[in-house]
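Please read the structure below before turning to the comments.
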Amino acid sequence: AEINRLHHESIIIDGHCDTLLGLKEGLFKFGERYSPSQEAIDKHQHPGHIDLPRLKEGGMTCQCFACFVRDRYLPAGATHEAVRVIDSFYQALEQNSDSFMQVKCADDIEKVKKEGKVGGMITLEGAESLEGDLGVMRMLHRLGVRQIGLTWNWRNQVADGLYEERSGGGLTSFGVDFIKECNRLGIILDVAHLAPAGIRDVLALTEQPIVDSHCGARSVTEHVRNLSDEQLDQVARNGGIVCVTYVPYFINSDPKKASLADVVRHIEYIAKRIGVEHVGLGSDFDGYEEQVEGIKDVSDLPKLTAGLSEAGFKPEDIRKILGGNYLNLIRKVVG
């Protein structure tokens with residue numbers, strides 16, 4: 001009962017999920033619990049990790065919903081597709097206005113918590129949507145985009161993604177202007193999927209703390225998407241946060257054995273390495289299909305709070321990890 005009370009009294013923020021793409025393509029539902037029987041066109045028969053009932057059950061305060069543009073819409077057509085994906089978010093808002101609210105700043109998150117609703121913040125996974133135009137970014141900001149991942153795994157107009165790491169490329173000239181404009185607008189910079197040179201460039205240029213919205217610690221699990229100790233230290237010096245993911249192959253070298261205990265293990269390592277004030281959550285729900293023992297979907301989040309308590313984290317530190325640190329970052333960067 002004590003753990004349950006701690007969980008549901010805490011502000012909980014998840015830095016990344018891929019649910020919007022499924023909503024746009026008709027693979028997932030949002031306002032009602034989604035079951036496998038409802039999906040006819042998803043060849044993997046994946047029921048999804050997130051819908052509004054399960055967000056409520058899991059105690060989520062604010063879920064960050066990523067807008068991702070598939071390769072077939074690149075390069076021309078990326079902005080058009082991004083608007084279509086964002087439209088699925090607005091449709092969910094319209095259809096569930098009594099219990100779902102858009103979040104654009106820290107005060108919105110506190111309002112959502114007070115009113116017992118679920119908040120949603122729009123983010124971009126990859127700056128391809130901008131098509132190399134800061135004017136497009138300013139318009140997406142007006143639609144509510146408050147966090148942007150510079151790249152996915154490939155190269156775009158802003159920088160090189162992880163799969164281009166051998167080139168040693170960092171930010172482009174446009175990427176430098178992009179960083180400055182994000183700082184001016186109050187958009188959080190997300191370095192998930194970014195090549196190491198790009199991360200170094202971002203940290204050298206930005207005047208605001210950054211986030212890695214979904215990753216793990218490479219010293220715990222060797223994976224290219226996880227951050228090295230040196231990168232963890234750099235994020236901490238910047239005042240940013242590292243959001244631990246639940247993706248099986250990020251958290252366990254044998255994905256079939258991935259479990260909630262692995263998530264806790266990564267959180268423990270990062271907190272010990274750089275301080276608990278630099279740790280957050282970034283599930284990547286609806287971005288993977290494998291099962292993770294103990295955390296099958298967002299409704300299982302109370303189990304994570306219990307796991308953190310069992311690992312020896314104090315209640316005040318659990319609150320920071322669940323969302324307090326992310327809220328502070330949003331307040332500092334966005335307002």
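The values are calculated or read from the model by the stated rules, or taken from the named source; none is laboratory data. A quick note: this is a predicted structure, and the numbers were derived from the prediction, not measured. Glycine gets a Cβ as well: all are built from the backbone with ideal geometry, and neighbour counts include every protein chain shown. Remember, those area values only see protein heavy atoms, side chains included, never the ligands or the DNA or RNA. Shrake-Rupley method; radii C 1.70, N 1.55, O 1.52, S 1.80 Å.
Points to keep in mind about this one:
- Some residue of the range 285-295 being open to solvent by less than 10 Å² (accessible area, probe 1.4 Å), touching a Leu at 6+ places or on another chain (Cβ under 7 Å) and in a helix (DSSP H, G or I): no
Conditions (1) among the polar types (S, T, N, Q); (2) out of contact with any His (no Cβ under 6 Å at 6 or more places or on another chain); (3) within 25 Å of Leu52 (Cβ to Cβ), marked per residue:
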residue	(1), (2), (3)
Val202	no, yes, no
Arg218	no, yes, no
Val224	no, yes, no
Leu227	no, yes, no
Glu230	no, yes, no
Gln234	yes, yes, no
Val244	no, no, yes
Phe250	no, no, no
Tyr288	no, yes, yes
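- Val263 vs. criteria open to solvent by less than 10 Å² (accessible area, probe 1.4 Å) and within 17 Å of the chain's Cα centre (by Cα): yes
- Here Val220 clears all of (1) out of contact with any helix residue (DSSP H, G or I) (no Cβ under 6 Å at 6 or more places or on another chain); (2) crowded, with 19+ Cβ neighbours inside 10 Å; (3) assigned to a loop (DSSP other than H, G, I, E, B) except the condition numbered (1).
- Selection of first residues in the range 224-253 that are free of Cβ contacts under 8 Å to residues at least 24 places away in the same chain and within 15 Å of Leu281 (Cα to Cα) and of second residues that are open to solvent by less than 30 Å² (accessible area, probe 1.4 Å) and β-branched (Val, Ile, Thr), restricted to Cβ pairs under 9 Å at least 6 apart or on distinct chains, gives the following pairs, ordered by first then second residue: Leu227/Val191; Leu227/Ile199; Leu227/Val235; Leu227/Val242; Leu227/Ile270.
- Arg84 vs. criteria basic (Lys, Arg) and either outside any helix (DSSP H, G or I) or modelled with pLDDT of 85 or more (or both): yes
- When Gly307 is tested against the conditions (1) more than 18 Å from the chain's Cα centre (by Cα); (2) part of a strand (DSSP E or B), the lone failure is (2).
- Among the residues of the range 244-252, some residue qualifies, meaning at least one is open to solvent by 10 Å² or more (accessible area, probe 1.4 Å) and under 15 Å from the mean Cα position of the chain (by Cα).
- Scanning the range 175-197 for residues that are open to solvent by less than 10 Å² (accessible area, probe 1.4 Å), among the small types (Gly, Ala, Ser) and not in a loop (DSSP other than H, G, I, E, B) yields one hit, Gly175.
- Checked against the criteria, Arg155 counts as among the basic types (Lys, Arg) and touching a residue at least 12 places away in the same chain (Cβ under 8 Å).
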